[in-house]
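Novice: Following this message is one structure expressed as structure tokens.
A short reminder: the numbers here are calculations on the coordinates, not readings from a lab. Note that the coordinates shown come from a computational prediction; the quantities given were computed from them, not determined experimentally. Glycine also receives a Cβ, built like all others from the backbone with ideal geometry; neighbour counts cover every protein chain displayed.
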Amino acid sequence: MSTRIPAITQKQVAAFLKPRSRDSHKGMFGTVAVIGGASGMVGAPLLAARAALKLSAGCVHVGLLAGNAPVVDLLQPELMLHGVHDALRLPNVDVLAVGCGMGTSVTAQKILHEALKTDAALVLDADALNLLARQPDLQDDLRARKTPSVITPHPGEAAKLLGISAAKVQAARTEAAQQLAEKLHCTVVLKGAGSVCVTSNGKTYLNKTGNPGMSSPGMGDVLTGMIAAFIAQGLDADQALLLAVHLHGAAGDALAQQGVAIGMTATDVTEWARWLLNQWVK
């Protein structure tokens, strides 16, 4: 008989949050660097970085691969934009979020290799996962890390990492997520309808927030930025993952309740996630 997987609850994740003291300043809430954005894909890391900023990381940098990358985000000028190599060498970065729109070029491989060697916590998404699947030596580097690592695959990315078909992943989602956590020594969310989260100590949770309206571009980028923001603010990687996944889906549900299930955007979800987070902090 299979063991019932507990669902993440709002009460559970809201308990991770603490009100801020009156003498708070940005240096108390961590620094995130989002790395990605090959030519034509600059929007992906910007979505992640905006989510990290609005979910209240203290400082957010963006390292972009594209040769013609912007030097300022006109919609969110609080972000600090850099060339990718400059961003990787910034001092005092607490969390690196790597892979959003990064591509799988030789340059991207080198960037991921360098990121895996840092002491910062890592959140790996999208092309970082595709590169891991193709490069066993990068998987070795991930397993060898002493600081927390989080991976956020969808079923197709999980299938590549496990060497099986996406259909097999979908047929046994819990087992696939658990295998990834064990294989790569990291915290995992297998995204999809009923995201499966596996913590660093092997505990498994099911997320029941979210809806079909969230099937739109950039949703995964926003989730990556949210996870990074919560780690930067002092939550451990497991807490950050559970809070971000549940809040991300709850924001989508709030939008659907407002009649925006069709045409929902990742930017909308960021805004509602910020609003909900403020309601949840006691």
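Novice: Could you please find all residues in region 228-265 being within 17 Å of the chain's Cα centre (by Cα) and at positive phi?
Specialist: Matches in region 228-265: GLY234 only.
Novice: Given the criterion of a type in the set (A, V, I, L, M, F, W, C), at negative phi and in contact with a helix residue (DSSP H, G or I) (Cβ under 7 Å, 6 or more places away or on another chain), identify the matching residue among LEU122, LEU90. Explain how you work it out, then say what you get.
Specialist: Values: LEU90 fails: in contact with a helix residue (DSSP H, G or I) (Cβ under 7 Å, 6 or more places away or on another chain).
None of the others qualify; the one that does is LEU122.
Novice: So which residues in region 82-113 are touching an Asp or Glu at 6+ places or on another chain (Cβ under 8 Å) and among the small types (Gly, Ala, Ser)?
Specialist: ALA97, GLY99, GLY101, GLY103, ALA108
Novice: Among residues belonging to region 263-275 that are touching a Lys or Arg at 6+ places or on another chain (Cβ under 9 Å) and among the hydroxyl-bearing types (Ser, Thr, Tyr), point out the one that is surrounded by the fewest Cβ atoms within 10 Å (Cβ to Cβ).
Specialist: Within region 263-275, the match that is surrounded by the fewest Cβ atoms within 10 Å (Cβ to Cβ) is THR267.
Novice: Sticking with this structure for a sec: Among the residues of region 10-28 satisfying the criterion of being surrounded by 15 or more Cβ atoms within 10 Å (Cβ to Cβ) and over 17 Å from the mean Cα position of the chain (by Cα), which is farthest from ASP73 (Cα to Cα)?
Specialist: Residue satisfying both the conditions and the ranking: GLN12.
Novice: Which of the residues spanning region 39-90 are touching a Lys or Arg at 6+ places or on another chain (Cβ under 7 Å) and in contact (Cβ under 8 Å) with a residue 40 or more places away in the chain?
Specialist: LYS54, LEU55, GLY58
Novice: Let me ask something additional. Within region 64-102, restricting attention to residues that are over 15 Å from ALA228 (Cα atoms) and among the acidic types (Asp, Glu), which residue is surrounded by the fewest Cβ atoms within 10 Å (Cβ to Cβ)?
Specialist: Taking region 64-102 as the starting set, the residues that turn out to be over 15 Å from ALA228 (Cα atoms) are 64-78, 80-91, 101-102.
The next check asks that each one be among the acidic types (Asp, Glu); those that pass are 73, 78, 86.
Working: ASP73: 18, GLU78: 11, ASP86: 13.
Selected residue: GLU78.
Novice: Same structure again: Can you pull out the helices (runs of 4 or more DSSP H) entirely within region 144-262 that have at least 1 residues that are acidic (Asp, Glu) and buried (at least 19 other Cβ atoms within 10 Å of the Cβ)? Let's see the steps before the verdict.
Specialist: Working: elements: 155-162, 166-171, 173-184, 219-232, 237-257.
Filter on region 144-262 gives 155-162, 219-232, 237-257.
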